[in-house]
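Have a look at the structure below, then the notes.
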Amino acid sequence: MLGFAVLNPTYETVSDSMLETLDILLTASFWAATLRIATPLIFGTLGELICERAGVLNLGIEGIMVAGALIGWLSVYMGADLVTGVALAFLTGVAFGLLHGALTVPLALSQHVSGIGITLLATSLSYYAYRIILPDVPSPPRIEPFQPIVWPILSEIPLIGPSLFAGQTAMTWLALALVALTAWVLYRTPVGLAVRACGENPAAAEAQGIDVTAVRMGAVAVGSGLMAVGGAFLTMSAFNAFFFEMINGRGWICIALVVFASWRPGKALLGALLFGAFDALQVRLQQTIGGDLPYQLFLMLPFVLSILALIVMSRRAAYPKALMVPYRKGER
Amino acid sequence: MRLEPRAHAPLWLQLAAPVGAALAALVITAVPLSWAEAPVLTAYAMLAQGALGSGFALTETLTKAAPLILTGLAAAIAFRARLWNIGAEGQLYAGALAAVMIGSGTVVLSPWLMVPLVLVAGALAGALLMLGPTLLKVRLGVDEVVTTLLLNFIMLLFVQMMVEGPLQDPMSLGWPQSMPIIDEAALPRLVERTRLHIGLIVALVAALAIWLTVQRTTFGFEVRAVGANPHAARFAGMSTTGVMVRVGLLSGALAGLAGVGEVAGLKGFLTQDLSPGYGYSGIVVAMLAQLNPLGVVLAALFVAGVFVGADSMSRAIGVSNTIADLIVAIALLTMLVASLVIRYRVRFG
């Protein structure tokens, strides 16, 4: 064995890197990071899923996450408490959602173009506001972010304890709770049935006495609010300051995750966690085996992975039937 | 009150709607401007002066219009066929990368051969980058919006990797920039002592060619048919797949050309901040133009004017130059609403 390894240096490095990978998977910090990376994606994916389940594609997600990140952080910087900051971020998302909804639902304009417009608007408005409110700061001011919640007894469990029950903030717990809540509302309540009906067959929903315009507007508003909270997680929990470009494509990845999840909340959680695990792993592999490889290759992986996930799921993608189909009463 | 679809929109309305949308965008932007305590009318006067006020300002606006015409055309032709190519930014970088790889000394020919060579190389690179998402869409039904958007990020990281690695200029003292474009491959200047280069001519020729294609050729008819109703187009015996693939290649090639212009006509070397989002602004240009290739030229001039004018305005009165992106974003949304007036007639009672 030893001789073989000496004769074959590549063999040794390969097995080494596999052991390294295994080591990484057994550390609590890896799983804590996985959940931390997954949290904004859970919020964003749930938000996009709610919009699309009602039949409205929301490409505003990337910009809405930027706006949420700014407003949440800014509110706290200006003296609000953390919970108020999250609430204000949510309301910011709702506002952009209502604009996207107004353009795409009653006015039935192109969901693609409106969504891109919302992303450009929310992003540029956020950057402009940042420049006006903080005209001459050399570096972004910091806030006191959410702290990890340490649960009694449970945090003593090996591996799961430090990563889950001692390593996560209230926002991650909120994200996990929202997965269950969204699933329950979508599949177990009349509201959820109405949302799904509007996404599958709005004419039939209308015949059942459901106000399609109201349901779609509501779904887009709530979904956009969740997206903004996902952005706020980055400035209020993962980091403690706002930077330009900090969303960095996370919104677009969420759209891919919705397809990967077949528009189901539970699978969305799974997808976000898988994605988080993969991202946490690549950061650690970069440190251990990445010596000679350009770091950009590792940074590309999340985006490549998202495209691969779309390709793998393409055969089974069960789009809501009326996704991107505007509905006008009495028109076919 | 109800909306009634129009069979035909009169020409004056098709022209008035974008102008109205642009004006509405400026009126709405008065709100964020006054929030910054800027004198609104002075600000707009300065914007206009910065964009058009001198010979130099005009050439700057024209210089910025060149890439916007090309990315605008890339979006317009794709959107016509309902191929949602949001990846012009990445395709622009692919074109720039190809131009640098060919044009920084790898081959040395006379300028008469070298300039066309880098243009073709850039167009090919852009087209190739768009081929993947197009094939995934037509073969597997993978949504091209997401794939083209994600490819923008991959492409930008790839460019970063190249200008910090294999393509880095050894003379750049460690700055992440590529080796310079050789003189033979540089796009000639149009006007001495300005930055205006023949990329503008390339863009104008492209606009005319695309307009003729859309209006006068079978392919142009097929593009319109596939965009209007793919089922009817297929029923009429058209290969929707073939049309989509050709549209995708064309769209990517146009965006790639924009990248060649920026790197071989303007900057002279490749960096990771070559484009201030021309790919995304191209979508605004295409929408303002109502996807009309000739309208793209006018819309690109407007957007370029806003970018150039806002820069000098922000220097003069101290408002952040992020206002330019804000005006452009608002113009996209106001144009979207204005498109309603073109397509529908409002009936009362």
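The values are calculated or read from the model by the stated rules, or taken from the named source; none is laboratory data. No experiment lies behind these values; they were computed from the predicted model shown. Every residue, glycine among them, receives a Cβ derived from its backbone with ideal geometry; neighbour counts consider all protein chains shown. Note: accessible area is taken over every heavy atom of the protein model, side chains too, but ligands, DNA and RNA are not part of it. Shrake-Rupley method; radii C 1.70, N 1.55, O 1.52, S 1.80 Å.
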* Of all residues in the stretch B:74-103, which are closer than 16 Å to residue B:146 by Cβ and open to solvent by 10 Å² or more (accessible area, probe 1.4 Å)? -> B:82, B:84, B:89
* Asked: If only one of A:272, A:261 is under 18 Å from residue A:179 (Cα atoms), surrounded by 18 or more Cβ atoms within 10 Å (Cβ to Cβ) and within 14 Å of another protein chain (Cβ to nearest Cβ), which one is it?
  -> A:261
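One line per residue, one yes/no per condition, for (1) on the phi < 0 side of the Ramachandran plot; (2) modelled with pLDDT of 90 or more; (3) surrounded by fewer than 15 Cβ atoms within 10 Å (Cβ to Cβ):
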site	(1), (2), (3)
B:165	yes, no, yes
B:172	yes, no, no
B:192	yes, no, yes
B:208	yes, yes, yes
B:242	yes, yes, yes
* Asked: Of all residues in the stretch A:21-57 being open to solvent by 70 Å² or more (accessible area, probe 1.4 Å) and part of a helix (DSSP H, G or I), which is modelled with the lowest pLDDT?
  -> A:22
* Limited to the stretch A:97-122, what total is found for residues that are farther than 17 Å from residue A:228 by Cα, in a helix (DSSP H, G or I) and among the small types (Gly, Ala, Ser)? -> 2
* Structure fact -> (1) within 30 Å of residue A:143 (Cβ to Cβ); (2) open to solvent by 30 Å² or more (accessible area, probe 1.4 Å); (3) of a type in the set (A, V, I, L, M, F, W, C) all hold for residue A:236 apart from (2)
* Structure fact -> When (1) part of a helix (DSSP H, G or I); (2) surrounded by fewer than 20 Cβ atoms within 10 Å (Cβ to Cβ) are applied to residue A:137, the one that fails is (1)
* Top-ranked residue of the stretch B:264-285 - restricted to ones that are open to solvent by 50 Å² or more (accessible area, probe 1.4 Å) and assigned to a helix (DSSP H, G or I), ranked as farthest from residue B:70 (Cα to Cα) -> B:267
* Of the criteria (1) at pLDDT 95 or above; (2) within 14 Å of chain A (Cβ to nearest Cβ), which one residue B:120 fails -> (2)
* free of Cβ contacts under 8 Å to residues at least 24 places away in the same chain and in contact with a helix residue (DSSP H, G or I) (Cβ under 8 Å, 6 or more places away or on another chain): does that describe residue A:294? -> yes
* Asked: Looking at the stretch B:29-54, which of its residues are of a type in the set (A, V, I, L, M) and either open to solvent by less than 70 Å² (accessible area, probe 1.4 Å) or in contact (Cβ under 8 Å) with a residue 60 or more places away in the chain (or both)?
  -> B:30, B:33, B:36, B:38, B:40, B:43, B:45, B:46, B:47, B:48, B:51, B:52
* Restricting attention to the stretch A:276-332, report how many residues are among the β-branched types (Val, Ile, Thr) and either farther than 27 Å from residue B:141 by Cα or not in a helix (DSSP H, G or I) (or both). => 4
* Any chance you could count how many residues in the stretch B:76-101 are within 13 Å of chain A (Cβ to nearest Cβ), small (Gly, Ala, Ser) and under 16 Å from residue B:128 (Cα atoms)? => 4
* **Residue within the stretch A:280-296 that is under 21 Å from residue A:66 (Cβ atoms) and open to solvent by 30 Å² or more (accessible area, probe 1.4 Å) present** => no
* Structure fact -> Here the residues within the stretch B:329-349 that are more than 7 Å from every other protein chain (Cβ to nearest Cβ) and more than 21 Å from residue B:14 (Cβ to Cβ) are B:348, B:349
* Among the candidates A:166, A:170, which residue alone is modelled with pLDDT under 95, closer than 21 Å to residue A:47 by Cβ and in contact with a Phe, Trp or Tyr (Cβ under 9 Å, 6 or more places away or on another chain)? -> A:170
* Asked: Which of the residues belonging to the stretch B:320-349 are under 25 Å from residue A:136 (Cβ atoms) and open to solvent by 10 Å² or more (accessible area, probe 1.4 Å)?
  -> B:320, B:321, B:322, B:325
* Asked: In the stretch A:84-142, how many are basic (Lys, Arg) and within 8 Å of chain B (Cβ to nearest Cβ)?
  -> 1
* Asked: Got a sec? Which helices (runs of 4 or more DSSP H) wholly within the stretch A:172-264 have at least 3 residues that are over 14 Å from residue A:48 (Cα atoms)?
  -> A:190-200, A:202-207, A:212-233
* To do: Can you tell me which residue within the stretch B:129-146, out of those that are under 18 Å from residue A:249 (Cα atoms) and at pLDDT below 95, is farthest from the other protein chains (Cβ to nearest Cβ)?
  => B:144
* Complete set of residues in the stretch B:156-195 that are within 23 Å of residue B:117 (Cβ to Cβ), among the hydrophobic types (A, V, I, L, M, F, W, C) and out of contact with any Asp or Glu (no Cβ under 8 Å at 6 or more places or on another chain) -> B:158, B:159, B:162, B:163, B:167, B:181, B:182, B:185, B:186, B:187, B:190
